[in-house]
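Engineer: Have a look at the structure that comes next, please.
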Amino acid sequence: MFFVVAFMASVLSCTMNRDKYIKIEGYAQGGVYVVTLNIDGVDVRPEEIRDSVETILQRIDFTLSGYNRNSLLSSFNHGDTIVPNGLFVDMYAKAYDIYNETQGIVDAASAPLFDLWGFGFKSGEMPSDDQVQKVLAHSGMKHLCAEIQAGASLAGTDLLVEGDVPPQLNYNAIAQGYSCDLVAEYLYSIGVKDMMVNIGEIFCDGLNPSGQPWTVGIDRPVDGNNELGAQVQGIFKAPSGPHGIVTSGNYRKFYVRDGKKYAHTIDPRSGYPVSHSLLSATIVADDAVTADAYATYCMVVGLEESKELLSQRPDLEGCLIYDHDGEFMTWCSEGFVLTEL
């Protein structure tokens, strides 16, 4: 990974003029990340902060990346016996809890379905109905036990509580949010109060360098809009306190066959890509892994069920962008204030 530490000039209000913000930038998890933080009152040198962030992200890559062929996750999915570390155990536990909380709608043990449709760690495209049903029968957390132990040898068959096909795991629905939370946890540990951690998904707390709440652009969900911030639907001003902010959508990873769009959001209950009017869901939660999970949840269940969820959950806020007769429409929960452009 390549990292840059950039010191930002303190052109701030009179109440912020002693604050010192730095920006750490680099490449991780298939994209660019940026960590902006206020080091006022922090005794750790910026270079040490950079190195610690690098270590965290490298450890996540070694443990949880399905694209790194040498990671623990890749070895486990390949059928090898591994010795899981604390990160592997913690992520599995979170994924299992999320599976239960979402009633199977966010299911990290559906990796074979994503591979089958070409949106996972292997190539694939347009499977037959028979292929889908065959893979579906052996996918899902319902086949697996709830806990694993760090430091003890683990094979896929050790997790099975039913069936005879070893599980394969895919944490793409929550891994970036989880990564944001881990970096934020480290920053808190050294005394940082103002931060924005952007690793594809976002965790923020405190104030930005101008002494104002952090703001986040919500991308317009135009098919093929792969450049972050190139086309923005609106601006969201983050509320005070710690928050994860995550957008999930079906406008970047998809393919079209015979005039029909097949998007990367797979419903693990049916085994098929979803087909509905919801184009993107931006979720705000107390942490980024929760926001990440429920952004995926919304993209699976669609517009009406997402509205119902956000109207009933005081711990979640959200912005839903959907298609209505060829036009982009926006629905926001009561606490999500979007300034549209």
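The values are calculated or read from the model by the stated rules, or taken from the named source; none is laboratory data. Quantities reported herein were computed from a predicted structural model and do not represent experimental measurements. Backbone-built Cβ (ideal geometry, glycine too); neighbour counts: all protein chains shown.
Engineer: Between a residue in segment 101-120 that is under 10 Å from His264 (Cα atoms) and at pLDDT below 90 and any residue that is among the aliphatic types (A, V, I, L, M) and part of a helix (DSSP H, G or I), which pairs come within a Cβ distance under 8 Å, given they are 6 or more apart or on different chains?
Structural biologist: Gly120/Ala111; Gly120/Leu113
Engineer: Here's another thing I want to ask about it. Return only the number of the condition from (1) out of contact with any Leu (no Cβ under 8 Å at 6 or more places or on another chain); (2) within 25 Å of Leu309 (Cβ to Cβ); (3) among the aromatic types (Phe, Trp, Tyr) that Tyr186 does not satisfy.
Structural biologist: (2)
Engineer: For segment 26-47, what are the residues that are modelled with pLDDT of 95 or more, surrounded by fewer than 18 Cβ atoms within 10 Å (Cβ to Cβ) and within 26 Å of the chain's Cα centre (by Cα)?
Structural biologist: If the condition is that a residue be modelled with pLDDT of 95 or more, surrounded by fewer than 18 Cβ atoms within 10 Å (Cβ to Cβ) and within 26 Å of the chain's Cα centre (by Cα), then Val34 is the only one that fits.
Engineer: Among the residues of segment 33-49, which ones are more than 18 Å from Gly206 (Cα to Cα) and either part of a strand (DSSP E or B) or of a type in the set (Asp, Glu) (or both)? Write out each step before concluding.
Structural biologist: So the first thing to find is which residues in segment 33-49 are more than 18 Å from Gly206 (Cα to Cα), and the list is 33, 43-49.
The answer is Tyr33, Asp43, Glu47, Glu48.
Engineer: Sticking with this structure for a sec: Being surrounded by fewer than 17 Cβ atoms within 10 Å (Cβ to Cβ) and more than 13 Å from Gln29 (Cα to Cα) is the filter here; which residues of segment 56-75 pass it?
Structural biologist: Arg69, Asn70, Ser75
Engineer: For segment 66-86, which positions are closer than 19 Å to Ala173 by Cα and touching a residue at least 60 places away in the same chain (Cβ under 8 Å)?
Structural biologist: Scanning segment 66-86 gives Gly66, Leu73, Phe76, Asn77.
Engineer: Grab the helices (runs of 4 or more DSSP H) fully contained in segment 119-220, keeping just those with 3 or more residues being surrounded by fewer than 15 Cβ atoms within 10 Å (Cβ to Cβ).
Structural biologist: Working: elements: 129-136, 156-159, 175-189.
Passing ranges, in order: 129-136, 175-189.
Engineer: On to the next question. Taking the criterion of being modelled with pLDDT under 95, among the aromatic types (Phe, Trp, Tyr) and surrounded by fewer than 22 Cβ atoms within 10 Å (Cβ to Cβ), would at least one residue in segment 76-96 satisfy it?
Structural biologist: no
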